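K.L.:
Please read through the structure below; I'll follow up with questions.
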Amino acid sequence: MPGTLYVVATPIGNLEDITQRALRVLQEVDLIAAEDTRRTRVLLERYRIDKPLTSLYDHNEAQKAPTLIRSLEEGGSLALVSEAGTPLISDPGYRLVQLAIARGLTVVPIPGASAAVAALTVSGLPPDRFVFEGFPPKKPGKRRRRLEELQDEPRTLVFYESPRRVGELLQEMQALWGNRRIAVARELTKKFEEILRGTITEVQAQLAERPPLGEVTLVVEGAASPARPRAGYDQVDPPDPHRCT
Ligand code: SAM
């Protein structure tokens, strides 16, 4: 019987944010493929899990994935974890999962924390429809084109960004998209957790006094359109939270 590939979410800061199922799977698998073995070791030590680790990161994934697939085919089970949060979400693992699916192997998600969803839920911006954009391109030309493409996007937008580039990104958004409402969520679940909310100019003023440090997720209100006024902003009633049922 081939082994199962488990895609296991780990905490984005606070080590208590891990599910019981994730701990059981990490305890039971034959091998853990980790983006950052040192960081994963800290988590495993905290929960007294002693398992062999192998590293799988952006630059070795293409070369290493076939070896991991072979071990799955030979019956060994494997847990994939990233440095923090949910693997594959702006993190390695896509090639491995793709290959496992192509080879007919069983791939099981073990869901848990992700900074994008955590930030969205506390942003105060409409969560009913949102777009995850990950990291915007670093090169100014490419980044500008991406922002232009997104200019008329009515859904709430979620970005990951380095704290060093947040100021510049906000300036570009302000110039292209106008003074939208945003939330800058930094260091979620950690000691210096902070969520700045307001219009871009309001948040820029707060950041001017105290530039952001640590890990930052940015949530931006979508473009207003006559067909879909901004939920919770132009509408009197907030969006129905049970809409999906
Ligand atoms: N896979 C991860 C997830 O599910 O959230 C994301 C990995 S991505 C390489 C790292 C980026 O996620 C950071 O640069 C930051 O934008 C965001 N991030 C991760 N942890 C965070 C935290 N505790 N607070 C705010 N943003 C965070």
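The values are calculated or read from the model by the stated rules, or taken from the named source; none is laboratory data. As the structure is a computational prediction, the values presented were derived from the model and not from experiment. Heads up, the Cβs are rebuilt from the backbone with ideal geometry, glycines too, and the neighbour counts pull from every protein chain shown. Ligands, DNA and RNA are stripped out before the accessible areas are found, and what is left, the full protein with its side chains, is counted by its heavy atoms. Shrake-Rupley method; radii C 1.70, N 1.55, O 1.52, S 1.80 Å.
K.L.:
So which residues in the range 55-86 are within 22 Å of Ala113 (Cα to Cα) and of a type outside the set (A, V, I, L, M), if there are any at all?
P.N.:
Ser55, Tyr57, Asp58, Ser82, Glu83, Gly85, Thr86, listed by residue number.
K.L.:
Which residues, counting only those in the range 113-149, are more than 18 Å from Trp177 (Cα to Cα) and β-branched (Val, Ile, Thr)?
P.N.:
Across the range 113-149, the qualifying residues are Val117, Thr121, Val122.
K.L.:
Of the residues that sit in the range 148-168 and are outside any loop (DSSP other than H, G, I, E, B) and surrounded by fewer than 20 Cβ atoms within 10 Å (Cβ to Cβ), which one is nearest to the chain's Cα centre (by Cα)?
P.N.:
Checked the range 148-168; the qualifying residue nearest to the chain's Cα centre (by Cα) is Tyr160.
K.L.:
Does at least one position in the range 4-24 carry a residue that is open to solvent by less than 10 Å² (accessible area, probe 1.4 Å) and among the polar types (S, T, N, Q)?
P.N.:
Yes; the residues of the range 4-24 include at least one that is open to solvent by less than 10 Å² (accessible area, probe 1.4 Å) and among the polar types (S, T, N, Q).
K.L.:
Hey, among the residues in the range 169-196 that are assigned to a loop (DSSP other than H, G, I, E, B) and open to solvent by less than 40 Å² (accessible area, probe 1.4 Å), which one's nearest to the ligand (Cβ to nearest atom)? Explain how you work it out, then say what you get.
P.N.:
Within the range 169-196, the subset assigned to a loop (DSSP other than H, G, I, E, B) is 178-180, 187-193.
Add one more test, that the residue is open to solvent by less than 40 Å² (accessible area, probe 1.4 Å), and what stays is 178, 180, 187-188.
On the way: Gly178: 24, Arg180: 19, Glu187: 5, Leu188: 3 Å.
So the residue we want is Leu188.
K.L.:
Follow-up question, since we're still on this one. Let me spell it out: the conditions are (1) part of a strand (DSSP E or B); (2) more than 11 Å from the ligand (Cβ to nearest atom); (3) of a type in the set (Ser, Thr, Tyr), and Thr217 meets all of them except one. Which number is the exception?
P.N.:
Of (1) part of a strand (DSSP E or B); (2) more than 11 Å from the ligand (Cβ to nearest atom); (3) of a type in the set (Ser, Thr, Tyr), only one is false for Thr217: (2).
K.L.:
Next question. Take Val122 and tell me if it is within 11 Å of the ligand (Cβ to nearest atom), part of a helix (DSSP H, G or I), surrounded by fewer than 18 Cβ atoms within 10 Å (Cβ to Cβ) and in contact (Cβ under 8 Å) with a residue 12 or more places away in the chain.
P.N.:
yes
K.L.:
Additional query: Any residue at all in the range 137-159 that's among the small types (Gly, Ala, Ser) and within 16 Å of the ligand (Cβ to nearest atom)? Full working, then the answer.
P.N.:
Taking the range 137-159 and keeping what is among the small types (Gly, Ala, Ser), we get 141.
Okay, now just the ones that are also within 16 Å of the ligand (Cβ to nearest atom), so none.
No: the range 137-159 contains no residue that is among the small types (Gly, Ala, Ser) and within 16 Å of the ligand (Cβ to nearest atom).
K.L.:
All but one of (1) more than 21 Å from the chain's Cα centre (by Cα); (2) closer than 25 Å to Thr217 by Cβ; (3) buried (at least 19 other Cβ atoms within 10 Å of the Cβ) hold for Val29; state the number of the condition that does not hold.
P.N.:
For Val29, the failing item is (2).
K.L.:
Separate question: Regarding the range 197-208, can at least one residue be identified that is in a strand (DSSP E or B) and closer than 16 Å to Ser114 by Cα?
P.N.:
no
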